[in-house]
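Down below is the structure, laid out as structure tokens.
The values are calculated or read from the model by the stated rules, or taken from the named source; none is laboratory data. Owing to the predicted nature of the structure, the values given are computational and were not obtained by experimental measurement. Positions of Cβ are generated from backbone atoms using ideal geometry, with glycine treated the same way; all protein chains shown enter the neighbour counts. Just the protein is used for accessible areas: all its heavy atoms, side chains included, with ligands, DNA and RNA removed. Shrake-Rupley method; radii C 1.70, N 1.55, O 1.52, S 1.80 Å.
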Amino acid sequence: MIAELTKNERNGALVILAVLTVVGLVMAVAGYADPFGIHGGLVAIAALAGIFAVISGYFAPEPTLARFGEYYDTPSKIGIGLAMAWAVFGLFVGDWVAWLLAYPNATFDAGWSSFGRLRPVHTTGVIFGFGGNALIATSFHVMQRTCRARLPDQLTPLFVLFGYNLFCILAVTGYLMGLTQSKEYAEPEWYVDLWLVVVWVTYLVLYLRLLARRREPHIYVANWYYLAFIVVVAMLHVVNNLAVPISFYEAKSYSLFSGVQDAMTEWWYGHNAVAFFLTSGFLGMMYYYLPKRAGRPIFSYRMSIVSFWGITFFYMWAGSHHLHYTALPQWVQTLGMTFSLMLLIPSWGSAGNALLTLNGAWGRVRDDATLRFMMVAAVFYGLTTFEGSFMAIRSVNSLSHYTDWTIGHVHAGALGWVAMITFGSIYALVPWLWKREGMYSPRAVEVHFWLALGGTLVYVLAMWNSGIIQGLMWRTYNDSGTLAYSFVDSVVAMRPYYIARAIGGLMFLLGAIVGSWNIWMTVRMPAPVPADAGGDQPAIALQAGE
Amino acid sequence: MFGLHYRLERKAIGLVLGIMLVASIGGIVEIAPLFTIHQTVEDVPDMRVYTPLEVAGRNIYIREGCYACHSQMIRTLRDEVERYGPYSLAVESKYDHPMLWGSKRTGPDLARIGGKYSDEWHVAHLMDPRAVVPESVMPSYGWLARSDLRTDNLGRHLKALRTVGVPYTDEMIASASADAYGQTAPDTNFAAGVAKRYGEATNIRPFGATPNGGLTEMDALVAYLQILGRLTDAAHRPVGG
């Protein structure tokens, strides 16, 4: 990896890492009495490890100009590895907390291992660790191909990738030590948030630099979605995380907003993290890998335009459906519900566009588990967005809110849509990146597919049942007009479903382990005779002259 | 329209600005008025602020992720009001930075838990929920009773809270650490100071009844639980009253 950097880039990397080491040490010294100091130490150690890596490769010969004849795929390759590692880790923690709801003592008598601290480790691990790395890795791959241009340099993409993972590690280790803002999906404390801003702005600038170098006059659909993902996540992140720290050497901060304004801001963020992280970014993935793998062009270009702007506009209004019947003014609740219903149109536009693209390739869907992953993902996307609009209706929400139904809904989206489209894309991408004929074991892809689908169905069906039972028990009256069930009655009724859910989650985890093994074996397979790149090259003639 | 888009697709910056514009509208229309429309949060003169000990307890509630299983927002539905008490008003979380309304009820709502049980019940329940409620799936929090409460930086906590809008006085900030202790030590001068600064209605008693006499995280958490729903009694008054 270091050998691919030019001399200037190696020096640049050393400067960045040296600055980071100093920052880490200052944090460690100033915050010695607080977990903040431990995070400082962690930053310094990570940066020192980086310095060591750069120095050990520092005197390797510089890359030749021949590099301009190829795309720069190292960050994508590392990103895929990191995504799979986070997937296994995040799913493991998720399944652990799932078992805790059936066997609450299946943990250690220590703060770090209790349910409330592990739960955000799970959500951050899978959403930001797995999902985020997969998005960064694929976005680098897709944008180079669709722009027919090489990444502008080698250092920036590596900075984005490793910087982002440092963010994830600080977030997760922070929760274990009890550092959290308690804002769902925005738990990391102020300094971790600031670091993400640095990484994210670099990511956006990198994307724009590449777009400026493109050899295609038009920006391909997939890139619109990746762009919306990067731009809007930045907006959401900055506004929702506004906070005042108690000092610059302690981790704790207090959010700028309180009460009802804070609730609205949080769910404006929370719902659009779903929209722009877990939907927009992954639609970008779908719009590139699904047509590629199916060997068919996107069904309708116009439908993709309408869906894109529909999603970008409507989603931002929908967050208040998380606050029906609360102290939030009713007019905001009504707006949220209305836009949530309208959102179904662009959502089904995208899902339909994907499925109609497959029309004529159903034979391949049957035979090719990779394409089947993507097809199932599009189906789950359609189902989940329908369910989401349905649950946003006030009267439905009065039953579903606060129950496991919400958890079931989220996992239909997270497992069925996000993870499935990612696995499908990764299985398509790995042989292309490492220039192999195919995956090491197509059978293992098949096994992973059925474990993932089976696990998702078990999970979602269990949570639908438990959620609806729970909601009904809480509102059932007996003949004398008093509430029929105590809260604990509903806790007892959940137990079989919690066990079923944990089994579904275990199946999904096993699938991810099989997938990781398969990817590892594919990478280790002997490379075939160096084949012709088959047109998978940037437009060099123009490029090298720059 | 599609012709226009055909041209927009050729401009990266245009696309970025377009996305920012289109994505901003919803948030601006829904969030900005919540700060300006006066009726959003009720006017309640008797609304009081959290004491330093309650702030510390609230931070433990946040740290341990209690909000992942418990809501603090009773909705305007008949069964919720009958199960948990009067529905929650916006003013009741006016000083909550951040709010802890929650999104999931694996356990019951806690918005009005204050005063429902004794301190001893809470301590026993937090130490081992299944000793109190055999069917419970709530985690045990035994280490809270073994951890000393950090009080030396409570002044900085209150100061930061004042920066974001909670009306703490200079005096409250200066005596924050002493007040945390004072709230658990009735019949001392420290306790008198707490009552003077935070009002006679403040709970002043040794919440966790910690054996070694020092303040533990358990004491702070119980102090916080016991104040939930009791910062004002506006929710218990008839509408408009």
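Restricted to the range A:86-136, and to residues there that are more than 21 Å from residue A:497 (Cα to Cα) and modelled with pLDDT under 95, the residue that is most open to solvent (accessible area, probe 1.4 Å) is A:108. Is it the case that residue A:220 is surrounded by 23 or more Cβ atoms within 10 Å (Cβ to Cβ) and either within 18 Å of the chain's Cα centre (by Cα) or under 28 Å from residue A:306 (Cα atoms) (or both)? It is false that residue A:220 is surrounded by 23 or more Cβ atoms within 10 Å (Cβ to Cβ) and either within 18 Å of the chain's Cα centre (by Cα) or under 28 Å from residue A:306 (Cα atoms) (or both).
Of all residue pairs spaced 6 or more apart or on separate chains, those with beta-carbon atoms under 7 Å, a first member in the range A:487-515 that is over 30 Å from residue A:448 (Cβ atoms) and a second member that is in a helix (DSSP H, G or I) and open to solvent by less than 20 Å² (accessible area, probe 1.4 Å) are A:490/A:470; A:490/A:474. Within the range B:67-78, the set of residues being without any contact (Cβ under 8 Å) to a residue 12 or more places away in the chain and either in a loop (DSSP other than H, G, I, E, B) or buried (at least 17 other Cβ atoms within 10 Å of the Cβ) (or both) comprises B:76, B:77.
Each row is one residue, and each column tells you yes or no for (1) out of contact with any strand residue (DSSP E or B) (no Cβ under 8 Å at 6 or more places or on another chain); (2) of a type in the set (Phe, Trp, Tyr); (3) at the interface with another protein chain (Cβ under 7 Å from one of its Cβ atoms); (4) free of Cβ contacts under 8 Å to residues at least 12 places away in the same chain.
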| position | (1), (2), (3), (4) |
| --- | --- |
| A:227 | yes, no, yes, no |
| A:233 | yes, no, no, no |
| A:238 | yes, no, no, no |
| A:247 | yes, no, yes, yes |
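For residue B:131, are the conditions met, namely being in contact with a helix residue (DSSP H, G or I) (Cβ under 7 Å, 6 or more places away or on another chain), open to solvent by 20 Å² or more (accessible area, probe 1.4 Å) and more than 10 Å from chain A (Cβ to nearest Cβ)? Yes. For the range A:24-53, enumerate the residues that are aliphatic (A, V, I, L, M), over 28 Å from the mean Cα position of the chain (by Cα), under 23 Å from residue B:156 (Cα atoms) and buried (at least 16 other Cβ atoms within 10 Å of the Cβ). Matches in the range A:24-53: A:27, A:28, A:30. In the range A:464-480, the residues that are in contact (Cβ under 8 Å) with a residue 12 or more places away in the chain and aliphatic (A, V, I, L, M) reach residues that are part of a loop (DSSP other than H, G, I, E, B) and crowded, with 21+ Cβ neighbours inside 10 Å with C-beta atoms within less than 8 angstrom, at least six apart or across chains, in these pairs: A:468/A:403.
Within the range B:90-97, identify whether any single residue is assigned to a loop (DSSP other than H, G, I, E, B), more than 12 Å from chain A (Cβ to nearest Cβ) and more than 21 Å from residue B:208 (Cβ to Cβ), and answer yes or no. No, every residue in the range B:90-97 fails to be assigned to a loop (DSSP other than H, G, I, E, B), more than 12 Å from chain A (Cβ to nearest Cβ) and more than 21 Å from residue B:208 (Cβ to Cβ).
Condition test on residue B:221, is it under 30 Å from residue A:108 (Cα atoms), in contact (Cβ under 8 Å) with a residue 60 or more places away in the chain and more than 14 Å from chain A (Cβ to nearest Cβ)? No. Residues considered: B:42, B:120, B:64, B:82. Of these, the only one that is in contact (Cβ under 8 Å) with a residue 60 or more places away in the chain and within 8 Å of chain A (Cβ to nearest Cβ) is B:64. Residues of the range A:256-275 that are at the interface with chain B (Cβ under 8 Å from one of its Cβ atoms) and open to solvent by 10 Å² or more (accessible area, probe 1.4 Å): A:256, A:257, A:258, A:261, A:268. Answer yes if at least one residue in the range B:34-55 is within 27 Å of residue B:104 (Cβ to Cβ), at pLDDT below 95 and assigned to a helix (DSSP H, G or I), and no otherwise. Yes: one or more hits. Among the residues of the range B:138-154, none qualifies, meaning not one is out of contact with any helix residue (DSSP H, G or I) (no Cβ under 6 Å at 6 or more places or on another chain), more than 8 Å from chain A (Cβ to nearest Cβ), in a helix (DSSP H, G or I) and closer than 21 Å to residue A:489 by Cβ. Scanning the range A:180-194 for residues that are in the same structural domain as residue A:323 (by TED's automatic domain parsing), within 18 Å of the chain's Cα centre (by Cα) and part of a helix (DSSP H, G or I) turns up at least one hit. Just one residue in the set B:28, B:60 is open to solvent by less than 20 Å² (accessible area, probe 1.4 Å) and assigned to a helix (DSSP H, G or I); that residue is B:60.
Just checking, how many residues over the range A:310-338 are outside any loop (DSSP other than H, G, I, E, B) and either crowded, with 23+ Cβ neighbours inside 10 Å or facing chain B (nearest Cβ under 7 Å) (or both)?
15
Selection over the range B:1-24 of residues that are at the interface with chain A (Cβ under 7 Å from one of its Cβ atoms) and either assigned to a helix (DSSP H, G or I) or open to solvent by 30 Å² or more (accessible area, probe 1.4 Å) (or both) gives a count of 10. Restricting attention to the range A:339-347, does a residue exist that is open to solvent by 20 Å² or more (accessible area, probe 1.4 Å), over 20 Å from the mean Cα position of the chain (by Cα) and within 14 Å of chain B (Cβ to nearest Cβ)? Yes.
Condition check ((1) at positive phi; (2) open to solvent by 60 Å² or more (accessible area, probe 1.4 Å); (3) assigned by TED's automatic domain parsing to the domain that holds residue A:405; (4) within 28 Å of the chain's Cα centre (by Cα)) across all residues:
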residue	(1), (2), (3), (4)
A:457	no, yes, yes, yes
A:463	no, no, yes, yes
A:471	no, no, yes, no
A:474	no, no, yes, no
A:480	no, yes, yes, no
A:483	no, no, yes, no
A:492	no, yes, yes, no
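Flag: residue A:75 matches the condition of being open to solvent by less than 30 Å² (accessible area, probe 1.4 Å), touching a residue at least 60 places away in the same chain (Cβ under 8 Å) and touching a Leu at 6+ places or on another chain (Cβ under 9 Å).
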